[in-house]
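One structure is given below, encoded as structure tokens.
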Amino acid sequence: MTFRQARWDEPDLWDLAPAPDPGPAPAIPGVPERFRRKETLRWPELSEIEVVRHYTRLSQMNFGIDTSAYPLGSCTMKYNPKVSELLARRAGAASLHPYQPEATVQGALELTWRLERILSKVTGLPEVSLQPAAGAHGEYAALLMVRAYFRDRGELDRRTEVLLPDTAHGTNPASASMAGFTTREIPSKDGCVNLAELQSAVSDRTACFMLTNPNTAGLFESDILDIAETVHAAGGLLYYDGANLNAILGHTHPGRMGFDVAHLNLHKTFATPHGGGGPGAGVLAAGEKLAPYLPVPRVVKTGRRFRLDYDRPMSIGKIKTAYGNFGLDVRAYVYALSHGEEGLKHVARRAVLNSNYLAARLGRSLPRPFRALVKHEFLLSGTPLKERGVRTLDLAKRLLDEGVHAPTIYFPALVEEALMVEMPETESKRELDHYAEAFERAINDTAENLHAAPRSLAVRRVDEVRAAREPILSWKDQRSAPAKVETP
Amino acid sequence: MPRWISNEPGEEAAMLESLGIASLDELFRDIPKKARIGRLGIGGGREEPDVVREVDRLLDRNRPLTKFATFLGGRISHRYIPAAVDAIVSRSEFYTAYTPYQPEASQGMLRTLFEFQSLWVELTGLDLANASLYDGATAGGEALLFCRRIHEGHRFLVPASLPWEERSVLSNYASGPGLRVEEVPYDPRTGNLDLEFVRKAIAAKDVFGVLADVPNGFGHLDEGVLDLKSMLGDVPLVVSADPLSLSVLEPPGAYGADVVIGEGQGFGASPSFGGPLLGLFACRREHSRQAPGRIVGSTVDLEGRPACTLTLQTREQHIRRSRAMSNICTNESLMALAFVVYASTVGPRGLAALQSSLAEKARTLASALGGIDGLQAPRFDAPYLGEFTIELTHGTTAGFLDRLRRRRILGGHALADPRPGAPKEAERILVAATDAVGEKEIQKYAAAAKAWAAAGGRA
């Protein structure tokens, strides 16, 4: 198959039409003249069709799940069901203000309540809040809860350390540090937490250990029960990063593994679209110790009525405006309802089957670190390519030319020239075979072609070094910068 | 089982065979027995028509804003969205994409975000914007941490009139590094910031940032904000601005703001019961490497053709880990797309005309409510655009709003912190003119308020 992405020579919006004359904006009666905009907003005046064409053309220069397989590791890029889009756009979902009286939003509160109950069962943790807007936001909120918990126990002065494995997502240490903790990495052994290292690292300074299971090497941390015991014996709490929950749905859950608190990414496991970078939804689930600290309001059922409960004296309060990304909660509810018990379990089975099947096949082309049995994702190392002067980056770019997206690259850092591949359950065997063939074509191509890739996309290889060294971050910068287009 | 997973006969068997294993369960042998679970207890799956019926049953129990004369506002707006905006936002090349890690495959979203950043720069008069944060409140939290990175101190000043949710979010963001959020009192007549309080706090040398909102939490414009920077010196000024107001108001960069944040949902996104929203953030060039969130830059490709990419990434969590400027990974890119498509469809003059028209409706409403017994509208003697605060001198906000609701009017929202134990506040309601109301709805509001007054302020 020969792939060609659209290659429009589409100007920037402001090069399509002029901005209006820069006279003052209209005066508003009662508003002091000093407050009035002296120059009308500088932005092009366009007709609707010009705007529509511009963004339609731009959209044609973008990969999405609907255009191609998207095997980014730890991102769980599964099909986003169309029925979810349909329902989330209903007036009864989209046209609701969060400050409407409770009596007028009973359905929204009930949907929230029902989704929370489902997620509580999926995580094995009794209390759930849908307030966080994204995974990292959920991590951060959970760490604020950890903080409040130790403050109430009079241990906060001492318990200042968050432990995490060296395979942790970057958001983990960043969230911990925003929440006022210091972080310490536990080295891995064969891709998993080195239990002995953890045992010697925990102490009465440990606030919590943050763990993704399966981890970012795609391995299930089989020592999890010992890990939990180690952390708890030291008086610390165990935090579950739910980015990789897809692999274990219905087989195990954070509650059974001994976690005290978890965040889930509805935009991964529950198939809500990622919007080209967001929105997400970063559900919090908490065990008994931390549940009283969840953000307010909580949705409660009294008789047949649903209401927002603000009477949680130990709550950390608010972490965003309103109650969460409700539009995504509707989609996640549709997903959970459609699959049900058996369906969710099958999601995990098929995701893990896909991952192992593709790993075995791609493992013929590149070495796979660590053990063979993986969960939802697997790692490859691009080191053998170096003999040919080729890097993982070149392979990733060459894959784009095949019309498929590249895996996550250069993460986790413990594997040199890493590729992290995740093909969720919604990809068929045919698609996996197709991806494998594309991968083999790419890797067997000449060094010259790999270096020159991509050739079939809207642009050739992008100069990221120049972008960082001479930042042009807006139209305003373009106006003051020298001409950006040069001939090489 | 939904059709979202391939179930071609023989497919799974062939895959298992190639792996040399007999059953799917063998793939889970690495989960210790003691960690396994039985049934979840969430019921069986359902076919698509059944799911649609069930979810519609729930959604039909809601009464959408379109069924009411709606005067609800605050940071979240009920505003008409041109069909063209939804058409673009619904393009699945955009909405089913991930964060644009591979720029060559993602020029559509990257260029859109570059245009979005450019628009927020033009609206605010600052130098650079990021590619979005979660919402206006968390943008405030990020702004607080940003200020601490560029200035020493422990105290962050915010108006006491700031919506309680935002004060709570800010306190959370401040708690990690042990910083303090302090409320600046307001003049009881105008709602304006007590500038003398600010002056004294600054003189004490421990303030690392000051936040002011335009319009403020009461919906009013505080002229003192225009002079605030001159009293702050090098202490950073954060202005939280309503994007639509910036079509007619001076860009905050022109009166010294170092950071401008805002809530962008009102540009092209539905209120959706409060989310997804859109956090806006802009700052000055010299602080570009301290800014939180994704940033898109313009550069060239191998052939010298213009291209965009995520840039200045050494600030971010995936590189800098515990020393990152922020933990932001997922943001609100699709809402940023809606924002720039909305503004471009309506156009710069159209935005100003919309703001003028909302302001006119608000004035009409204020005069229709003026002189009604038991309420003061507007409560504060200060200029306003499309929103203002009313205060009840007897009765309760709950009773007032409930009476209006029974007449199919959503009359605004109570400003008080609803948490038990929160300090007792006056019975105040923020009222917003929306583009869905006209003269008829305004008179209906006034009639309902009069009936409430005639009943002695009883629901």
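The values are calculated or read from the model by the stated rules, or taken from the named source; none is laboratory data. Just so we're clear, the structure is a prediction, and the values are computed from it rather than from any experiment. Cβ coordinates were reconstructed from backbone atoms using ideal geometry, including for glycine residues, and neighbour counts include every protein chain displayed.
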Fill in the blank from the handout: Per the filter on region B:157-191, residues of a type in the set (S, T, N, Q) and more than 12 Å from chain A (Cβ to nearest Cβ) are B:S161, B:T190
Handout entry: Every pair of residues 6+ apart whose Cβ atoms lie under 9 Å, when the first sits in region B:231-244 and is on the phi > 0 side of the Ramachandran plot while the second is among the β-branched types (V, I, T) and surrounded by fewer than 24 Cβ atoms within 10 Å (Cβ to Cβ)
Key = B:G233/B:I202
Practice task
Go through region B:306-333 and count every residue that is within 7 Å of another protein chain (Cβ to nearest Cβ), farther than 25 Å from A:F181 by Cα, of a type outside the set (V, I, T) and surrounded by 24 or more Cβ atoms within 10 Å (Cβ to Cβ).
Solution key: 3
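Of the residues that sit in region A:131-159 and are part of a loop (DSSP other than H, G, I, E, B) and among the aliphatic types (A, V, I, L, M), which one is farthest from A:T216 (Cα to Cα)? Working first, answer last.
In the first step, residues of region A:131-159 are kept if they are part of a loop (DSSP other than H, G, I, E, B); the result is A:131-134, A:153-159.
Retained after the next criterion (residues that are among the aliphatic types (A, V, I, L, M)): A:133-134, A:156.
Values: A:A133: 22, A:A134: 19, A:L156: 30 Å.
Among residues in region A:131-159 that are part of a loop (DSSP other than H, G, I, E, B) and among the aliphatic types (A, V, I, L, M), the one farthest from A:T216 (Cα to Cα) is A:L156.
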Exercise for the section: Could you please let me know if A:P173 is touching a residue at least 24 places away in the same chain (Cβ under 8 Å) and either of a type outside the set (K, R) or more than 9 Å from chain B (Cβ to nearest Cβ) (or both)? Expected result: no
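Pick out, from region A:442-488, the helices (runs of 4 or more DSSP H) lying fully within it that include 2 or more residues that are facing another protein chain (nearest Cβ under 9 Å) and modelled with pLDDT of 95 or more.
Values: elements: A:447-452, A:464-469, A:475-480.
Fully inside region A:442-488 and qualifying: A:464-469, A:475-480.
Are any residues in region A:292-304 outside any loop (DSSP other than H, G, I, E, B), out of contact with any helix residue (DSSP H, G or I) (no Cβ under 7 Å at 6 or more places or on another chain) and more than 20 Å from A:L266 (Cα to Cα), and if so, which ones? So that I can check it myself, show each step before the final result.
Looking only at region A:292-304, we keep the residues that are outside any loop (DSSP other than H, G, I, E, B), and these are A:292-293, A:298-302.
Subset that is out of contact with any helix residue (DSSP H, G or I) (no Cβ under 7 Å at 6 or more places or on another chain): A:292, A:298, A:300, A:302.
Of everything in region A:292-304, those that are outside any loop (DSSP other than H, G, I, E, B), out of contact with any helix residue (DSSP H, G or I) (no Cβ under 7 Å at 6 or more places or on another chain) and more than 20 Å from A:L266 (Cα to Cα) turn out to be A:P292, A:V300, A:T302.
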Problem - B:L365 being at the interface with chain A (Cβ under 8 Å from one of its Cβ atoms) and not aromatic (F, W, Y) - result: no
Problem - Complete set of residues in region A:78-92 that are part of a helix (DSSP H, G or I) and either under 25 Å from B:M1 (Cα atoms) or more than 7 Å from every other protein chain (Cβ to nearest Cβ) (or both) - result: A:K82, A:V83, A:S84, A:E85, A:L86, A:L87, A:A88
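Residue by residue, here is whether (1) surrounded by fewer than 24 Cβ atoms within 10 Å (Cβ to Cβ); (2) more than 19 Å from the chain's Cα centre (by Cα); (3) modelled with pLDDT under 95 holds:
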residue	(1), (2), (3)
B:G125	yes, yes, no
B:A129	no, no, no
B:Y134	no, no, no
B:A143	no, no, no
B:C147	no, yes, no
B:H151	yes, yes, no
B:F156	no, yes, no
Handout entry: Unique match (being farther than 30 Å from A:D394 by Cβ and among the polar types (S, T, N, Q)) among B:S245, B:S298
Key = B:S245
Practice task
Within region A:24-40, identify whether any single residue is in contact (Cβ under 8 Å) with a residue 60 or more places away in the chain, in contact with a helix residue (DSSP H, G or I) (Cβ under 9 Å, 6 or more places away or on another chain), more than 7 Å from every other protein chain (Cβ to nearest Cβ) and not polar (S, T, N, Q), and answer yes or no.
Solution key: no
Exercise for the section: Find all pairs meeting these conditions: Cβ atoms under 9 angstrom apart; at least six residues apart or on different chains; first residue within region A:379-391 and outside the structural domain of A:H451 (by TED's automatic domain parsing); second residue part of a helix (DSSP H, G or I). Expected result: none
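Condition check ((1) closer than 27 Å to B:R315 by Cα; (2) aliphatic (A, V, I, L, M)) across all residues:
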residue	(1), (2)
A:A168	yes, yes
A:P173	yes, no
A:A176	yes, yes
A:G180	yes, no
A:T183	yes, no
A:S188	yes, no
A:V193	no, yes
A:A207	yes, yes
A:L211	yes, yes
Handout entry: Test for A:R159: is it more than 29 Å from B:L410 (Cβ to Cβ) and at the interface with chain B (Cβ under 10 Å from one of its Cβ atoms)
Key = no
Practice task
Among the residues of region A:100-129, count how many are facing chain B (nearest Cβ under 9 Å), outside any helix (DSSP H, G or I) and touching a residue at least 24 places away in the same chain (Cβ under 8 Å).
Solution key: 1
Problem - Failed condition for B:V259, given (1) on the phi > 0 side of the Ramachandran plot; (2) touching a residue at least 24 places away in the same chain (Cβ under 8 Å); (3) within 20 Å of the chain's Cα centre (by Cα) - result: (1)
Fill in the blank from the handout: Of the residues in region A:403-436 that are more than 11 Å from every other protein chain (Cβ to nearest Cβ), in contact with a helix residue (DSSP H, G or I) (Cβ under 7 Å, 6 or more places away or on another chain) and part of a loop (DSSP other than H, G, I, E, B), the one that is nearest to A:T272 (Cα to Cα) is A:M423
Completion exercise
Taking region A:307-317 and keeping only residues that are among the basic types (K, R) and either in contact (Cβ under 8 Å) with a residue 60 or more places away in the chain or not in a loop (DSSP other than H, G, I, E, B) (or both), one is left with A:R307
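Filter region A:273-289 down to the residues that are buried (at least 23 other Cβ atoms within 10 Å of the Cβ), away from chain B (no Cβ under 13 Å) and touching a Phe, Trp or Tyr at 6+ places or on another chain (Cβ under 9 Å) and list them by number. Step through it out loud before you land on a result.
If we filter region A:273-289 for residues that are buried (at least 23 other Cβ atoms within 10 Å of the Cβ), which is where we start, we get A:273-286.
In the following step, the residues that additionally are away from chain B (no Cβ under 13 Å) were identified as A:284-286.
Within region A:273-289, A:A285, A:A286 meet the criteria.
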Fill in the blank from the handout: Scanning region B:65-101 for residues that are surrounded by fewer than 22 Cβ atoms within 10 Å (Cβ to Cβ) and without any contact (Cβ under 8 Å) to a residue 40 or more places away in the chain gives B:A83, B:D86, B:A87, B:S90, B:R91, B:S92
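Suppose we keep only residues that are of a type in the set (V, I, T) and either part of a helix (DSSP H, G or I) or at pLDDT 95 or above (or both) within region A:1-39. Which one would you say is nearest to B:E115 (Cα to Cα)? Spell out how you get there, then give the answer.
Step one: filter region A:1-39 for residues of a type in the set (V, I, T), giving A:2, A:28, A:31.
Then keep just the ones that are either part of a helix (DSSP H, G or I) or at pLDDT 95 or above (or both); that gives A:28, A:31.
Details: A:I28: 28, A:V31: 30 Å.
Out of the qualifying residues, it is A:I28.
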Practice task
Could you pull out every one of the helices (runs of 4 or more DSSP H) wholly within region B:6-90 that has 3 or more residues that are more than 8 Å from chain A (Cβ to nearest Cβ)?
Solution key: B:48-59, B:83-89
Handout entry: Test: A:L46 is over 30 Å from A:E437 (Cα atoms) and more than 9 Å from chain B (Cβ to nearest Cβ)
Key = no
Handout entry: Of all residues in region A:49-77 being within 7 Å of chain B (Cβ to nearest Cβ) and small (G, A, S), the one that is surrounded by the fewest Cβ atoms within 10 Å (Cβ to Cβ)
Key = A:S59
Exercise for the section: Among the residues of region B:102-160, write down those that are over 28 Å from A:K38 (Cα atoms) and of a type in the set (A, V, I, L, M). Expected result: B:A105, B:M109, B:L110, B:L133, B:A137, B:L144, B:L145, B:I150, B:L157, B:A160
Completion exercise
Note on B:A426: of the conditions (1) within 13 Å of another protein chain (Cβ to nearest Cβ); (2) within 20 Å of B:H220 (Cβ to Cβ); (3) modelled with pLDDT under 95, unmet is (1)
